[in-house]
Structures are given as structure tokens and as C-alpha cells.
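Just below is one structure, and these are the notes that go with it.
The values are calculated or read from the model by the stated rules, or taken from the named source; none is laboratory data. Values in this document were obtained by computation on a predicted structure and should not be read as measured data. As a convention, Cβ positions derive from the backbone with ideal geometry for all residues, glycine included, and neighbour counts pool all protein chains shown. The area values use the complete protein model at the heavy-atom level, side chains included, leaving out ligands, DNA and RNA. Shrake-Rupley method; radii C 1.70, N 1.55, O 1.52, S 1.80 Å.
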Amino acid sequence: MTRHSRHLAAALSLATALAVSACGGGGAADGDTLTLLAWDSEEVMTPVLEAFEEAHPDIDVEATYSPPVAEYIQALQTRVLSGTAPDVFLIAAENKTNLIEGGHVLDLAGEDFLAGVPEFNQQTYGADGAVYGLSLSSWGAGILYNEDLLAEVGAEEPPDTWDEFLALCAELKDAGITPYLEPLDAMPGVLSAFLGAYDASTGHTMDDEIFSGASTFEETWTPLLEQYNRLYDEDLVTRDTVGLGPDQVEAEFANGRVAMMIAGPWNVNSVREAAPDLEVRMVPIPGVDGGEPFLAGAAAPGLAINPESGNIEAAKAFLSFFASPEGIEIYQAQLGAITVTDDFEPPLDPALDPVVEDVRAGNVYLPQIAWQRAEDVLNVEAVAQIQRMVQGEITPREVAQALDRKLASS
């Protein structure tokens, strides 16, 4: 699995989260071995683990790896339910409710390593004053533009509105340029941004109303799904792209064969590696129906500690190292993450300048984070139904109706 696929899956979860997690055989009895299952690759994690072990020579890290998102969530759930939970593990959008309500995560509130972490990141993985995950970065997904291809059709600036974006897609297609691609193996970033902008316009009450029964997915999501589906209904993106994975989308963009793609900070990093001379810029997703441009995104998944671990002090030492400027610097260099602590200024690609302020301020939205229960099954249902919509099998309204049925049965 390449770096891009790891992190888009998680973003759209990211690994831009400083999201290392640990999972293993339940912790060593002597307290000297910390078991760890990371969803970042061994290549990414090795420099961090080596630095930690050098700083803590009395602690050995026994690391194994499982990719995000679904495979990781399932692996962790199996170990938690079998009583072999790891010392440290990842709390993410897709599993936070189950972990918190099941009592499988230690309350970290008051720990020194949280001191420089913004409230947005703490509250994302917290409840009732407790904090269950150390989230050290946030991510935002916007539109990454190939500025040279836009210039071929006379576009000097990225569009601000969805209608303008679709018009640009049509111009690019008429010029023989593939206008836009987005993998659909996770919640579409464009749709998440539409929902986030709408939620912000309501004073952040959208999900409260859905989950309280005052509103429905059908009422709230249908108009935004219809707008998103215009990409396919108007034949600006072919329906058979539903099978494209994130690596394929990024490769098409890096090779100059597509003008625009959904992207997070990790994509900018890997596009630079593949095509250092490409002129790119990332901006928020254009506003729809008079709404403001917005970003899909969330506080990155956080490191959590198993309350039944025999290695709690070693686990806290691991989290403390990750939260230190030294730990953050090593990890951030691997991925280009937008870190949020107040004692480290991440060196970021200039292409991210238009989005960094909003990401660090928490002006981002991801449905799985905002949903108040059953986020795991709702996410699976949403992705499956959206894929059917893109293939022309069902309507946007039917996608929303399916989510209402899934919520009612959960």
C-alpha cells in the first residue's frame, strides 16, 4: 500500500493525524515491551520508533501494522472483544463511539501531553470533560489544481462556486483534458464539504437534528447529493471511475493527465515526490447553492490507551514523546501533516497556504466524526449507496433514504 492510499483512506482519514496506533498481544507482563499496531507503514513509523526507543532505552516497542480504515478498525475490534487489546491504539471517526461507550479507552484529561493540543482536537475524541485520544494534527481535503492545465482553458483562478467549478470541468473536457477525479472508496470529500458548509450555516445543528429525529438524512442530504451527482449526470466525470482507487487518481494527476483532484496534505507531499516541477495549488471546495467554500476534514485520529493495559506508564511515555516537538517533527517530516500544537510550527508546502488557517482552526467537517452513534455502519452504508448512485443505479434521494433506514435500525 502506498503512502497516498494509506492517508486518503483515513481521511477521507488520515494518517495526517499523527495517528499511530498500537495493537498487539495485550502488553508485556514486565512492563518493558509496548505493543503497537500502526496504520502507517513501517517505512513511516521506523524513524519515530527508533527515536522513542533511544529516548526511552528501558522500553521496547513491538510494532505490527494494519492499513486503514476498515481493515484496521476490524483488527482492533477483534482484539478488543477477545480480551487481547493493545497497550496503545487508534481512536478514529469510525470507532470512537464503540470504544468510548465500551469503556475501552483511558481518560487522558489533565495529562501534560495534552497541554498544547487545541480544544477542537481534544473534544473530537472526548465526551463529558473526558479526553480519550491524543490528536496532534488536523487535516482538510480540498481541490488540488494543476495550474498549467487550467491555464490552457484560460482559467487564472480556481472557481469559488460549484456552478463555476462544473463550468470549468466542461471547458476542460471540451479541450480534451480530464477535468476531475475523486476515489469513491470512502466518503466523497466534495460531499463532506457541502455538508460542512450547510452545517456551519445552521449554527452546527444539522447532525443534532438528524439524530434527535427533528430532521432526516433525506431532508438534509438529498439536495447536496443532487448537486454532487451533477458531476456524473452531466457526464463531466465518467461513471466507470467509481472503481478507481486513491493511488490511481493521484498517479493520473501527478502525470499531468487530470486537471483537478480531491486532496489532503499528504497528496501534496507525494505529488511533489512524483512530479516536482508540477505547478499545483490546493483550495477549499467551491460553495454550493450560495454557500461558502469549505473543506472536508477532521481532527486527526488520536492515540488512545487501553485502560486494562499492564503498561500504562510506558504508554503515557509513548504519547508524551509523540506530543513533544521532537516526536512531532520526526513524524511530520514523513507526511507533511498540518500539526496543531502550540510549540511546533510545521514546515508546510506553499501549495497548502490557502487552507492551513481553516484546518488549524477546525473549520472542517467529516460526517463520520459528527455522527452521534452508529458511525461505523452508517459510513459503510453511505459509501456503498453513493457508489450505486454514481453508477446510475439509484437516485440521490434513495441514498439518503437508505441512511435513514440504517439509522433507524441501528
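Brief remarks on what is shown
- Some residue of the stretch 241-253 being touching a Leu at 6+ places or on another chain (Cβ under 7 Å), modelled with pLDDT under 95 and not β-branched (V, I, T): yes
- Restricting attention to the stretch 150-184, the residues that are closer than 22 Å to G245 by Cβ and open to solvent by 10 Å² or more (accessible area, probe 1.4 Å) add up to 3.
- For the stretch 289-305, residues that are open to solvent by less than 20 Å² (accessible area, probe 1.4 Å), at pLDDT 95 or above and either part of a loop (DSSP other than H, G, I, E, B) or over 30 Å from L76 (Cβ atoms) (or both) total 1.
- Test: Q385 is farther than 19 Å from S135 by Cβ, in the same structural domain as E234 (by TED's automatic domain parsing) and touching a helix residue (DSSP H, G or I) at 6+ places or on another chain (Cβ under 9 Å): yes
- Filter pass, Y125 being in contact with a Gly (Cβ under 6 Å, 6 or more places away or on another chain) and either more than 21 Å from E250 (Cα to Cα) or crowded, with 24+ Cβ neighbours inside 10 Å (or both): yes
- Screening L136 on (1) more than 26 Å from E381 (Cβ to Cβ); (2) surrounded by 17 or more Cβ atoms within 10 Å (Cβ to Cβ); (3) over 18 Å from the mean Cα position of the chain (by Cα); (4) not basic (K, R) shows it passes everything except condition (3).
- A search for C-beta distances below 9 Å between a residue of the stretch 330-349 that is not assigned by TED's automatic domain parsing to the domain that holds E53 and any residue that is assigned to a strand (DSSP E or B) and open to solvent by 10 Å² or more (accessible area, probe 1.4 Å), counting only pairs 6+ apart in sequence or on different chains, returns D349/V280.
- Residues in the stretch 311-335 that are farther than 20 Å from F89 by Cβ and open to solvent by less than 10 Å² (accessible area, probe 1.4 Å): Q332 only.
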